[in-house]
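This report concerns only the one structure given below.
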Amino acid sequence: MGDVAEITSSKRIFFSDYVEEGVTFYRSKEIIEKAQGLEISTDLFISKDKYGFIKDTFGSPVNGDILIAAVGERAGIPYLVNNDGDFYFKDGNLIWFRNISKEVSSKFLVYYFKSYNGQQTLESSMIGSAQKALTIIGLKGLEVKFPPFKEQTAIASVLSSLDDKIDLLHRQNKTLEHIAETLFRQWFVEKRGISWELGKLDEIAIFNNGKSRPDELENGSIPIYGGNGILGYTSLSNYDGISIIIGRVGAYCGCIYLENQPIWLSDNALHAKSKQQNNIFLYYLLKGLELNSMAEGSSHPLLTQTLLKSIDITIPPAEIINTFEKHAIEFWDKIYNNTKQIKTLTQLRDTLLPKLMSGEVSVIS
């Protein structure tokens, strides 16, 4: 691998170098989030002067470079730099592939690292037992057999076209949900009626606890939901229809998800449903309550049915809620259809990836 790329790391950045605003700075946590298509959870910056000096003296990541998480259980996750603008990254926890040979496609190399064979190759070079880590020396010595460049680009093109479609659907979903949330805010926050009655959340919502995770896992299409989202899949369900899932304990206390298919709800989450079937209204109402701040306990926060039922709310007239629900369900129907497409395309990509990388399926006639 050292023959086809310069494998290095960044110059050291200290905690004291962080500033309130400036040039974006990523740790391995943020690069992994970007690699997985997630929103960046923490915004960090270094000064423009600091970045400018480093860039002019040592260089900075450019399109086509690859960053790989190097330490811990998520070591080996690759990220392709592509239209990210100016940024810099933390030394040690990320390894930088730059000046990649013209005989090797960066996109292909990233997909190779994601494949089973690629992950096994990366793992073979890791050091440590309690906490595995990739090293620059180890990566330079890896032996990889690359197909001809034309085949590399063809393979990368097939896989990236699927990824592009998946990314487009994700972005459409974010836009649609933002529109529905904006509509909710306009109708029920900005134009809240002074004559609307006051009540308790218990008057409009039903809450139930989840159950222990079933023994039968990875053997069905029904998602198992916990406080931090989907934990796996099963062939069993304990709730169906439109469900609002609320994380009830620990770090994910107050996290909220909306689902419209049968689910298995685990015991670290709560199930909520509108008594009048206005579930999208209830979903946005709950999101606006900042439930994590209401949880009982500080070191180990907990949301209970009793606490939720006792929350004071303003209850809008039923006709306004029903009208909002009719508008919002159109957006969410599209979100649900997009989500089904995302699942299908993801399964297709994940099925093709090892077959293309092993040569079992060829894209060159």
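The values are calculated or read from the model by the stated rules, or taken from the named source; none is laboratory data. What you are looking at is a predicted structure, and each value in this text was computed from that prediction instead of being measured. Using ideal geometry, Cβ is built from the backbone for each residue, glycine included, and neighbour counts are taken over all protein chains shown.
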*Select from region 286-310 the residues that are closer than 15 Å to CYS255 by Cβ and outside any loop (DSSP other than H, G, I, E, B) and list them in ascending order.*
LEU286, LYS287, GLY288, LEU291, ASN292, SER293, MET294, LEU302, LEU308
*Examine region 352-360 for a residue that is under 30 Å from GLU181 (Cβ atoms), touching a residue at least 60 places away in the same chain (Cβ under 8 Å) and not assigned by TED's automatic domain parsing to the domain that holds SER115, and state whether such a residue exists.*
no
*Tell me which of these ALA75 doesn't satisfy, since it passes every other one: (1) in contact (Cβ under 8 Å) with a residue 40 or more places away in the chain; (2) within 21 Å of the chain's Cα centre (by Cα); (3) assigned to a helix (DSSP H, G or I).*
(3)
_So, in region 237-254, how many residues would count as being surrounded by fewer than 17 Cβ atoms within 10 Å (Cβ to Cβ) and among the hydrophobic types (A, V, I, L, M, F, W, C)?_
1
*asked:* Only one of ILE335, ILE329, ILE313, ILE342 is assigned to a helix (DSSP H, G or I), surrounded by 14 or more Cβ atoms within 10 Å (Cβ to Cβ) and over 22 Å from the mean Cα position of the chain (by Cα). Can you tell me which?
replied: ILE329
_For region 139-155, check the following and say yes or no: at least one residue is buried (at least 18 other Cβ atoms within 10 Å of the Cβ), in the same structural domain as LYS48 (by TED's automatic domain parsing) and assigned to a helix (DSSP H, G or I)._
yes
*Answer yes or no: is there a residue in region 267-280 that is in a helix (DSSP H, G or I), surrounded by fewer than 17 Cβ atoms within 10 Å (Cβ to Cβ) and among the hydrophobic types (A, V, I, L, M, F, W, C).*
no
*Go through region 10-26 and give me each residue that's buried (at least 17 other Cβ atoms within 10 Å of the Cβ) and under 20 Å from ILE68 (Cβ atoms).*
SER10, ILE13, THR24, PHE25, TYR26
*Looking at (1) hydroxyl-bearing (Ser, Thr, Tyr); (2) surrounded by 15 or more Cβ atoms within 10 Å (Cβ to Cβ); (3) assigned to a loop (DSSP other than H, G, I, E, B), find the lone condition where TYR283 falls short.*
(3)
_Residues that are assigned to a helix (DSSP H, G or I), in the same structural domain as GLY141 (by TED's automatic domain parsing) and touching a strand residue (DSSP E or B) at 6+ places or on another chain (Cβ under 9 Å): does region 83-106 have at least one?_
yes
_Among (1) assigned to a loop (DSSP other than H, G, I, E, B); (2) without any contact (Cβ under 8 Å) to a residue 24 or more places away in the chain; (3) of a type outside the set (Val, Ile, Thr), there is one condition LYS29 misses while meeting the rest; what is its number?_
(1)
_Out of the residues in region 36-65 meeting the condition of being of a type in the set (Val, Ile, Thr) and under 15 Å from ARG12 (Cα atoms), tell me which one is surrounded by the fewest Cβ atoms within 10 Å (Cβ to Cβ)._
THR57
*Of the residues in region 286-310, how many are among the polar types (S, T, N, Q), in contact with an Asp or Glu (Cβ under 8 Å, 6 or more places away or on another chain) and exposed (fewer than 15 other Cβ atoms within 10 Å of the Cβ)?*
1
*Do any residues in region 125-154 that are within 15 Å of SER362 (Cβ to Cβ) and touching a residue at least 12 places away in the same chain (Cβ under 8 Å) have Cβ atoms under 6 Å from those of residues that are among the hydroxyl-bearing types (Ser, Thr, Tyr) and in a helix (DSSP H, G or I), where the two are at least six apart or on different chains, and which pairs are they?*
none
*For the subset of region 89-111 comprising residues that are farther than 21 Å from VAL71 by Cβ and within 21 Å of the chain's Cα centre (by Cα), which member is surrounded by the most Cβ atoms within 10 Å (Cβ to Cβ)?*
TYR111
_For THR182, only one of the following conditions fails: (1) touching a Phe, Trp or Tyr at 6+ places or on another chain (Cβ under 7 Å); (2) at pLDDT 95 or above; (3) surrounded by fewer than 15 Cβ atoms within 10 Å (Cβ to Cβ). What is its number?_
(1)
